[in-house]
1. Rounded to the nearest 0.05, what FRET efficiency do residue 139 and residue 24 have when you use their Cβ-Cβ distance and R0 = 41 Å?
2. Below 14 angstrom from the Cβ of residue 28, what's the summed charge of the other residues (Lys, Arg +1; Asp, Glu -1)?
3. For segment 73-142, which GluC sites (Glu not before Pro) are both in a DSSP coil and crowded by at most 10 other Cβ atoms within 10 Å?
4. Can you give the Rg/Rh ratio of the chain, where Rg is from the C-alpha atoms and Rh is the Kirkwood radius?
5. Run the reach check for residue 120 against aspartates and glutamates, Cα to Cα strictly under 16 Å, same-chain hits fewer than 8 apart removed. What comes back?
6. Excluding residue 56 itself, what net charge comes from residues whose Cβ is under 12 Å from its Cβ, given Lys and Arg +1 and Asp and Glu -1?
7. Whole angstrom only: what separates the Cα centroid of segment 91-107 from the Cα centroid of segment 21-81?
8. Rounded to the nearest whole Å², what accessible area per residue is found for segment 56-129 with the 1.4 Å probe?
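The values are calculated or read from the model by the stated rules, or taken from the named source; none is laboratory data. Given the structure is predicted, the values throughout are model-derived calculations rather than measurements. Neighbour counts are summed over all protein chains in view; Cβ atoms, including those assigned to glycine, are modelled from backbone coordinates with ideal geometry. What goes into the accessible areas is simple: the full protein's heavy atoms, side chains included, and nothing from ligands, DNA or RNA. Shrake-Rupley method; radii C 1.70, N 1.55, O 1.52, S 1.80 Å.
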Amino acid sequence: KLTYYDLRNLPEPFLSLRRCWNTTTQKWLMPTDPREMDYHAFRQWETITGQPEKYLLRGNWWLGLWPKPAVDQQGLRVNYTAVPPAMENADDIPDFPQEYHFALVDYALSDLYSQQRETKKALKYWNQYKGYEEGLRQYVERRQALAKLNRM
C-alpha cells in the first residue's frame, strides 16, 4: 500500500537502480521522474492506486511506484547495482575479476609517489591505472544485484 520504499533496506547496499519487474503483470515498469509525473499526470498522482506501471526515485533512497498498489503486492523484482563489501582483512580480495586487481596497486602507487612529489613515477603508475580503468568501469556498470521485494 506504500507509494515509496526505502532502498536502504535491500540485502546488499544500494548504489543505483537498473530496472523493476512486476511479477503480477509480467511486465517491466517504465522509469519516470517526479517532475514528469507532476507535469503530465494527474495533480494528485501519488494517491492513485492500481497495478504499478512506472517507477521513480525520490532522492537517493526512495523507490516510488505509480500507481501505488491498492493492496500489498507480492513479487516486485528490483535489479540494482550494489556497493561491494569492504575489504578489511589482509587476506580479503576484491569482488571483481582478478585481471583488474593490479589496477588498485597501480592507483595506490600513483597516489603514493604523488604525495612524495615524484611526478614521473606517479605518472607512470597513473597511466598504467588508466589502462585498467575503462574495463573496470564497464565491469562495475554490469554488476547487478537482484532483490525480490515482497509486500510491494
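1. Values: r = 33 Å, r/R0 = 0.81.
Step by step, r from the Cβ atoms, then E = 0.80.
2. On the way: positive: 18, 19, 27, 54, 77; negative: 53.
Local charge sum for residue 28: +4.
3. 88
4. Values: Rg = 21.1 Å, Rh = 18.3 Å.
Ratio of gyration radius to Kirkwood radius: 1.15.
5. Within the straight-line cut-off, residue 120 pairs with 106, 111.
6. Values: positive: 35, 54, 58, 68; negative: 33, 36, 38, 46, 53.
Net local charge, residue 56 excluded: -1.
7. Taking the Cα centre of segment 21-81 as reference, the centre of segment 91-107 is 38 Å away.
8. Details: 4900 Å² over 74 residues.
Counting only protein heavy atoms, the per-residue value for segment 56-129 is 66 Å².
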